[in-house]
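The values are calculated or read from the model by the stated rules, or taken from the named source; none is laboratory data. Not measured: the values here are computed from a predicted model. Glycine also receives a Cβ, built like all others from the backbone with ideal geometry; neighbour counts cover every protein chain displayed.
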């Protein structure tokens, strides 16, 4: 794990989310990981238009370009090397060899975004999957059972059973059921691992950056 986990780079790959939406996601990530992640910067990574990206390759490219604690958000499907076609497309993932997590909005988006409510739903779903993957970056593990936070919503680390629901059912049952608060077990882990940082509320900053020259693949 990179020691500079307090600074998060959020990289947009594609154009499905607006700059202001990324700012909102960044702000809510800081709130969820209060005192642990204290600042974020925004960047845009240019790639050829594509419907599908190899998830592992994308994490390696982002690590090479940005290094450090990084969250990539793409509007393309994320493909894995799983031989079972049922599992080789994911909505989010984390590379265990670095501190890069990636999220795909393609299967989180309502079929037709026709209202502010539809767009807010996409924002909320993207945030919840982002919290899950960033949680992995910080050492949190999946809850195979339904673990609840104090506000009654599912902990962001609740994974559930994908093969029970399929993609659309999983998003509605699990992702939509998650909140932005972590359960007692996750909170305990974060306090043990990061100590007083978890209680700190100072120094939350935003550093908006528009990086150029990103590697294409």
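If I go through region 171-193 residue by residue, how many of them are in a helix (DSSP H, G or I) and touching a residue at least 24 places away in the same chain (Cβ under 8 Å)? Outline the logic, then answer.
If we filter region 171-193 for residues that are in a helix (DSSP H, G or I), which is where we start, we get 171-175, 184-193.
Add one more test, that the residue is touching a residue at least 24 places away in the same chain (Cβ under 8 Å), and what stays is 171, 175, 184-186, 189-190, 193.
Number satisfying all stated conditions: 8.
Within region 52-74, identify whether any single residue is on the phi > 0 side of the Ramachandran plot and modelled with pLDDT of 90 or more, and answer yes or no.
Here is the first cut: in region 52-74, the ones on the phi > 0 side of the Ramachandran plot are 67-68.
Next cut, modelled with pLDDT of 90 or more only: 68.
Within region 52-74, one or more residues are on the phi > 0 side of the Ramachandran plot and modelled with pLDDT of 90 or more.
Hey, does region 75-84 have a residue that's in contact (Cβ under 8 Å) with a residue 40 or more places away in the chain and within 25 Å of residue 179 (Cβ to Cβ)?
Yes: one or more hits.
From the list 154, 138, pick out the single residue that is in contact with a helix residue (DSSP H, G or I) (Cβ under 8 Å, 6 or more places away or on another chain), within 13 Å of residue 32 (Cβ to Cβ) and buried (at least 18 other Cβ atoms within 10 Å of the Cβ). Break it down into steps so the answer makes sense when it comes.
Working: 154 fails: within 13 Å of residue 32 (Cβ to Cβ).
That would be 138, the only listed residue that is in contact with a helix residue (DSSP H, G or I) (Cβ under 8 Å, 6 or more places away or on another chain), within 13 Å of residue 32 (Cβ to Cβ) and buried (at least 18 other Cβ atoms within 10 Å of the Cβ).
Going residue by residue through region 84-91, is there one that turns out to be within 15 Å of the chain's Cα centre (by Cα) and at pLDDT 90 or above? Quick ask: steps written out before the conclusion?
Filtering region 84-91 for residues within 15 Å of the chain's Cα centre (by Cα) gives 90-91.
Now narrow it down to the ones that are at pLDDT 90 or above: 90-91.
Yes, region 84-91 contains a residue that is within 15 Å of the chain's Cα centre (by Cα) and at pLDDT 90 or above.
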Exercise. Within region 1-18, track down each residue that is free of Cβ contacts under 8 Å to residues at least 60 places away in the same chain and either farther than 15 Å from residue 105 by Cα or under 13 Å from the mean Cα position of the chain (by Cα) (or both).
Key: 3
Practice problem: Residue by residue through region 14-35, note down the ones that are closer than 19 Å to residue 99 by Cα and modelled with pLDDT of 95 or more. | Solution: 25, 26, 29, 30, 32, 33
Quiz prompt | Failed item, numbered, when residue 39 is tested on (1) crowded, with 20+ Cβ neighbours inside 10 Å; (2) more than 14 Å from the chain's Cα centre (by Cα); (3) at pLDDT 95 or above | solution = (1)
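In region 99-150, what residues are part of a loop (DSSP other than H, G, I, E, B) and more than 15 Å from the chain's Cα centre (by Cα)? Give the steps one after another, and end with the answer.
Just the residues of region 99-150 that are part of a loop (DSSP other than H, G, I, E, B), to begin with: 99, 105-115, 138-142, 144-147, 149-150.
Selection gives 110, 111, 112, 113, 114, 115, 144, 145, 146, 147, 149, 150.
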Self-check item: Residue selected from region 157-167 under the condition touching a helix residue (DSSP H, G or I) at 6+ places or on another chain (Cβ under 6 Å) and assigned to a loop (DSSP other than H, G, I, E, B), by the criterion modelled with the lowest pLDDT
Solution: 160
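Would you check if residue 217 is in a loop (DSSP other than H, G, I, E, B), at pLDDT 90 or above, in contact with a helix residue (DSSP H, G or I) (Cβ under 8 Å, 6 or more places away or on another chain) and over 20 Å from residue 41 (Cα atoms)? Before the answer, list the steps.
Numbers: in a loop (DSSP other than H, G, I, E, B): yes; at pLDDT 90 or above: no; in contact with a helix residue (DSSP H, G or I) (Cβ under 8 Å, 6 or more places away or on another chain): yes; over 20 Å from residue 41 (Cα atoms): yes.
Taking the combined requirement at face value, the residue does not satisfy it.
Considering only region 51-69, I want to know if a residue exists there that is more than 16 Å from residue 137 (Cβ to Cβ) and in a loop (DSSP other than H, G, I, E, B). Give the steps one after another, and end with the answer.
In the first step, residues of region 51-69 are kept if they are more than 16 Å from residue 137 (Cβ to Cβ); the result is 51-54, 57, 61, 64-65.
Adding the requirement that they be in a loop (DSSP other than H, G, I, E, B) leaves 51.
Scanning region 51-69 turns up at least one residue that is more than 16 Å from residue 137 (Cβ to Cβ) and in a loop (DSSP other than H, G, I, E, B).
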Quiz item: Scanning region 42-51 for residues that are modelled with pLDDT under 95 and in contact with a helix residue (DSSP H, G or I) (Cβ under 9 Å, 6 or more places away or on another chain), which turns out surrounded by the most Cβ atoms within 10 Å (Cβ to Cβ)?
Solution: 45
